[in-house]
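S.K.: Sharing a structure here in structure tokens format.
The values are calculated or read from the model by the stated rules, or taken from the named source; none is laboratory data. Keep in mind the model is a prediction, meaning the values are calculated, not measured. Cβ sites come from the backbone with ideal geometry, for glycine too, and all protein chains shown count toward neighbours.
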Amino acid sequence: MESKADSFGNNDGWRVFRIMAEFVDGFEAMADVGPAVTIFGSARTEPDDRYFRDAQTLGGLLAKAKFAVITGGGPGIMEAGNKGAFEAGGKSIGCNITLPQEQEANRYQTKSLDFHYFYVRKVMFLKYTSACVCFPGGYGTLDEFFETITLIQTLKMQSLPIILYGSEYWGGLVDWIRATLKPRFIDGEDMDIFRLVDTPQEALKQIKAGVKRRWWHPESSAGLIEANVRASRVKSPLEGAHSRSGEGTRYGQRAQRTTNKHAACRHKPQQ
């Protein structure tokens, strides 16, 4: 009798087509979005919560500033961001996810997408955005924040404004990063990838400034990105603007096996 593990393994090849289909559908649906801002945050935030009201206000401000708003399409902060953009007459996009406990989609979406795979959904969050705002949230929000700053820090995507909303919530984490990770595990400059704000107006101001002129430029990366793009030009299927893909697939140099006893860690990118 075939075990569940065997059945699962035998289906992996076919699963690739489902993954491809989700990417294709997402790319086609998001292609005409234009300038956009992705809002991350908890699905558990209630409508009477201060952060819900602030996310709704920010969604409206972004729509009036001609930014589309992209969220996870669910309740809480996601609904607040969509609602603000929707009621202001802007583009309000929800990238919904299929979950075992069934996520309920909010009603304030002008464009709604459904995903089975978290990683496909994450690509849509980042590929078409000009900035990210992280409101208070749980594991999912932390995952989205850290994955995004990792892609920027390792130069896999161009830097863009990353806003942490609410110093009361994020302040402890930022202090821990500064005290524990710097300078042994991250460079000092990596603290500048994100900024803390406490009002929707300040968030919009930082987004506009960061879109106009990127605020994070790694000190050690001068010429590194262009050199890597040139090195990959002969063998890369992506050229020109596509080689600077925003979803974290920027081309670089393949890892080479070291002849030394221990592999060396380059200054950028680093872990």
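S.K.: With the condition being under 26 Å from Asp49 (Cβ atoms) and of a type in the set (S, T, N, Q), I'd like the helices (runs of 4 or more DSSP H) fully within region 80-186 carrying at least 2 qualifying residues.
M.R.: In region 80-186, 139-153 are the helices (runs of 4 or more DSSP H) which contain 2 or more residues that are under 26 Å from Asp49 (Cβ atoms) and of a type in the set (S, T, N, Q).
S.K.: Here are some conditions: (1) at pLDDT 70 or above; (2) out of contact with any strand residue (DSSP E or B) (no Cβ under 6 Å at 6 or more places or on another chain); (3) outside any helix (DSSP H, G or I); (4) surrounded by 14 or more Cβ atoms within 10 Å (Cβ to Cβ). His217 meets all but one. Which one does it not meet?
M.R.: Going through (1) at pLDDT 70 or above; (2) out of contact with any strand residue (DSSP E or B) (no Cβ under 6 Å at 6 or more places or on another chain); (3) outside any helix (DSSP H, G or I); (4) surrounded by 14 or more Cβ atoms within 10 Å (Cβ to Cβ) one by one, His217 breaks only (4).
S.K.: Just give me the residues in region 96-111 being out of contact with any Ser or Thr (no Cβ under 7 Å at 6 or more places or on another chain) and modelled with pLDDT of 95 or more, in sequence order. Steps first, answer last, please.
M.R.: Looking only at region 96-111, we keep the residues that are out of contact with any Ser or Thr (no Cβ under 7 Å at 6 or more places or on another chain), and these are 97-104, 106-107, 111.
Scanning region 96-111 gives Asn106, Arg107, Lys111.
S.K.: I would also like to ask the following. Starting from region 164-175, keep only residues that are closer than 18 Å to Cys132 by Cα, then list their pairs with residues that are part of a helix (DSSP H, G or I) and charged (D, E, K, R) whose Cβ atoms are within a distance under 9 Å, requiring at least 6 positions of separation or different chains.
M.R.: From region 164-175, the pairs are Tyr165/Asp54; Gly166/Arg50; Gly166/Asp54.
S.K.: Of Ala29, Ala43, which residue is in a loop (DSSP other than H, G, I, E, B) and either closer than 15 Å to Tyr128 by Cβ or among the hydrophobic types (A, V, I, L, M, F, W, C) (or both)?
M.R.: Ala43
S.K.: Which of (1) buried (at least 17 other Cβ atoms within 10 Å of the Cβ); (2) over 24 Å from Glu189 (Cβ atoms); (3) among the polar types (S, T, N, Q) is the odd one out, the single condition Thr110 does not satisfy?
M.R.: (1)
S.K.: Take the residues in region 185-210 that are touching a Ser or Thr at 6+ places or on another chain (Cβ under 8 Å), in contact (Cβ under 8 Å) with a residue 60 or more places away in the chain and of a type outside the set (Asp, Glu); name whichever of them is nearest to Ser159 (Cα to Cα).
M.R.: Ile207
S.K.: Could you go through region 153-166 and let me know if any residue there is within 23 Å of Phe118 (Cβ to Cβ), among the aromatic types (Phe, Trp, Tyr), over 14 Å from the mean Cα position of the chain (by Cα) and at pLDDT 95 or above.
M.R.: yes
S.K.: On to the next question. What pairs come out if I take residues in region 27-53 that are in contact (Cβ under 8 Å) with a residue 24 or more places away in the chain and pair them with residues that are in a loop (DSSP other than H, G, I, E, B) and basic (Lys, Arg) whose C-beta lies under 9 Å away, six or more apart or interchain?
M.R.: Pairs that qualify, where the first residue is in contact (Cβ under 8 Å) with a residue 24 or more places away in the chain and the partner is in a loop (DSSP other than H, G, I, E, B) and basic (Lys, Arg), are Val33/Lys91; Gly34/Lys66; Gly34/Lys91; Pro35/Lys66; Ala36/Lys91.
S.K.: Got at least one residue in region 28-45 being in contact with a Pro (Cβ under 8 Å, 6 or more places away or on another chain) and of a type in the set (A, V, I, L, M)?
M.R.: Yes - at least one qualifying residue is present in region 28-45.
S.K.: Further question on the same structure: State the number of residues belonging to region 44-78 that are under 21 Å from Gly34 (Cα atoms) and either in contact with a His (Cβ under 7 Å, 6 or more places away or on another chain) or not polar (S, T, N, Q) (or both).
M.R.: 17
S.K.: Find the residue count for region 25-53, including only residues that are buried (at least 24 other Cβ atoms within 10 Å of the Cβ) and not hydroxyl-bearing (Ser, Thr, Tyr).
M.R.: Of the residues in that region, 4 qualify.
S.K.: To continue, here is another question. Just checking, does region 135-142 include any residue being in contact with a helix residue (DSSP H, G or I) (Cβ under 6 Å, 6 or more places away or on another chain) and more than 19 Å from Ile177 (Cβ to Cβ)?
M.R.: So far as region 135-142 goes, no, none of its residues is in contact with a helix residue (DSSP H, G or I) (Cβ under 6 Å, 6 or more places away or on another chain) and more than 19 Å from Ile177 (Cβ to Cβ).
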